[in-house]
Every structure is written in structure tokens, then in C-alpha cells.
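Heads up, the thing below is written out as C-alpha cells.
No lab work stands behind these numbers, since they all come straight from the coordinates. Since we're looking at a predicted model, the values are computed, not measured. Reconstructed Cβ throughout: ideal geometry from the backbone, glycine too, with neighbour counts over all protein chains shown.
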Amino acid sequence: LVGNAVRKENLSLGGTPLIYDGANKYGNVFDMVQGASYVAEGADEMVDDTWYYDPDFFVRGDDGTYTFRAVSGRYSIHADFNNQCFRVVPLDENNQPLTYDTSTGTGCIWVIGANSSYGKPTFVPGNDDGWSESRALPLAQIDGTHHQITFEVGKQLNPDRVNFKFFHQNSFGDDSNDEFTPFTNPKITTTSDVFYVNFNTPDCGNVKLRSGKKLTPGDIYVFTIDTSDKEHVILSTENITTTINDTKVVGREPDGNYYDLTGRIVSNSHIAHPVCQPTRQILITKGKKIVRQP
């Protein structure tokens, strides 16, 4: 027994063992390949619908297969059975948490903010406005100049307490040059009409909700940082939730689900035989309307 849980044996991801690491967590260091598929084996929880697999890093198939979305490289991946999730951390060549390289715009950008503002797989409810380096979350680098992190409002993002900042490392660093917003030379701007980046105040660089805006629980926002201009990176945000007849549909969720115009799931691209076989049907997938022929 591990606490009140039975210690699990023979867990693996893509054939690599997940080794017990304490507190009902099992993990290893992986050299991941972007676009490659990895099978999670040894525990039904890892392929259950309730398992949080982190959509910034993985696309999940119904057969226990996870396709890696981020750029190829070294990562620490843990299966956290207490919180029913994968925890992914990009690593450097010394197996230390990867930092952001200001000269290339690559590496890992990190989020740190008010403890009750954000979290994966969930934020901690309450009024804790303290900031903790231990709660740093990595953005996934998805190509040469784009880094992203996805939050579902009400689960990973507190709709009433949006307050976080982007850093060059998984800590506060030594000075303001270790984040994107030195007081005298702001290095991050945003195109978002929902969120803004604060300037010229004690909380310079903090991402907050714009005045008059309100977040709706269940909506999913992707925060993307474009580092094409290394001196002045751009933060954009996208609400990827689509509503069809009052049914919420994740417009860019890479699960492959198809929805009819009532919002009902009618098939899944990972299943060989769809739930229904219409002769001709208008469907919604990934935020787009398509016509499927027989």
C-alpha cells in the first residue's frame, strides 16, 4: 500500500516504464517526438475520460494512445493518480526544468500567478492571493515561435481572480529581466480584447481581465505567445468554445469529435465505425461546418 492506495505495477507510456516517485505519482524522463503516438498502459485511469492529459501537450485517442503535440525534446512526464492527470515538464540537457532562451525565442515560458487564480488540472478555490514558485506551469512550445497554455474557465482558471505573469524560468528569477515586462521597457503586448497586460504599476506584466469583461465557466481559452520578434513578444488569446443550440462545443479541441447541429456527438474520428452512418449530414468539428458524404 502507498498511503491508502495500492501501489501500481507495470505502468508505462510508449513502452517506457513509469516509475513510482512518491505520493501516488509515477514518471520518467522521455525524449518525446512531435506527432508521435504513445500508448498508456497498466492502469485504466490513464485512458479514462476523467483523466486530465493536458491538451497543450497531448491529443488523446480512445484506444489509450496519446499523440504528442509539443516540439520534440526531453520532458519529464508523471502520471499523478491523486489528481488524475499527467504532469509534463520540458527539460534541458541536464534534466533540469527548461528555461526560455531570449536570443532564439525558444525553450520554455512559464506561468506563475496568484495561487487561487489558475492551476492544472484544477485551480485551488479560495482567496489566496499569494504567489508560489512551486505552482509554476510550463507553456508548450508548439513550433519555432509559438508557445501556448490552455485553461478552462471554472476548472483551470478562476473567473473571478485572473492574475498571473509569464516568466523565463519556473521561478521568479533574479530581477525583472527574468520576465517579459521590465518596468522601463515592456517586452510583451497583447491583441486580446478579453485580457490585458498591466504596465507601469507594482504588478507590471500581470495578465488580468479587462474592465467590463466576464468569463463564463466552461469556456476554454488558449493563451499563445508569439516570439517571432524576440524583443517584443505578442500574447494572443482565443476562446475555442463554440455553442450550437446552447450546447457548448470545443471548437479547436483535438479529440476528433463530430457534432450535429443540435450539439450531439455523432461520431469520433478515432473509432473505425461512427455511431451513425448518415447518407449525407452537416457536422461541426473543430469549429468548422462540414458536409460528410456517405
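Each row is one residue, and each column tells you yes or no for (1) farther than 30 Å from D226 by Cβ; (2) without any contact (Cβ under 8 Å) to a residue 12 or more places away in the chain.
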residue	(1), (2)
E9	yes, no
G14	yes, no
G22	yes, yes
K25	yes, no
Q34	no, no
A43	yes, no
G61	no, no
P90	no, no
T102	no, no
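Only one of these is within 12 Å of D80 (Cβ to Cβ) and among the aliphatic types (A, V, I, L, M): A40, A23. Name it.
Matching residue, one of A40, A23: A23.
Residues to consider are V88, V124, V71, V111; find the one that is within 26 Å of I234 (Cβ to Cβ), of a type outside the set (F, W, Y) and surrounded by fewer than 21 Cβ atoms within 10 Å (Cβ to Cβ).
Only one candidate passes the filter, namely V71.
Quick check on region 126-138: of everything there that is closer than 30 Å to F68 by Cα and part of a loop (DSSP other than H, G, I, E, B), which residue is nearest to the chain's Cα centre (by Cα)?
Residue satisfying both the conditions and the ranking: A136.
Cβ-Cβ below 8 Å, separation at least six or inter-chain, first residue in region 120-140 and aliphatic (A, V, I, L, M), second surrounded by fewer than 18 Cβ atoms within 10 Å (Cβ to Cβ): which pairs?
From region 120-140, the pairs are A136/S171.
Here is a check on your reading of the model: is N10 in contact with a Gly (Cβ under 7 Å, 6 or more places away or on another chain), more than 23 Å from D143 (Cα to Cα) and not β-branched (V, I, T)?
yes
Mind counting the residues in region 1-55 that are out of contact with any Cys (no Cβ under 7 Å at 6 or more places or on another chain), of a type outside the set (K, R), part of a strand (DSSP E or B) and surrounded by 11 or more Cβ atoms within 10 Å (Cβ to Cβ)?
Selection size over region 1-55: 19.
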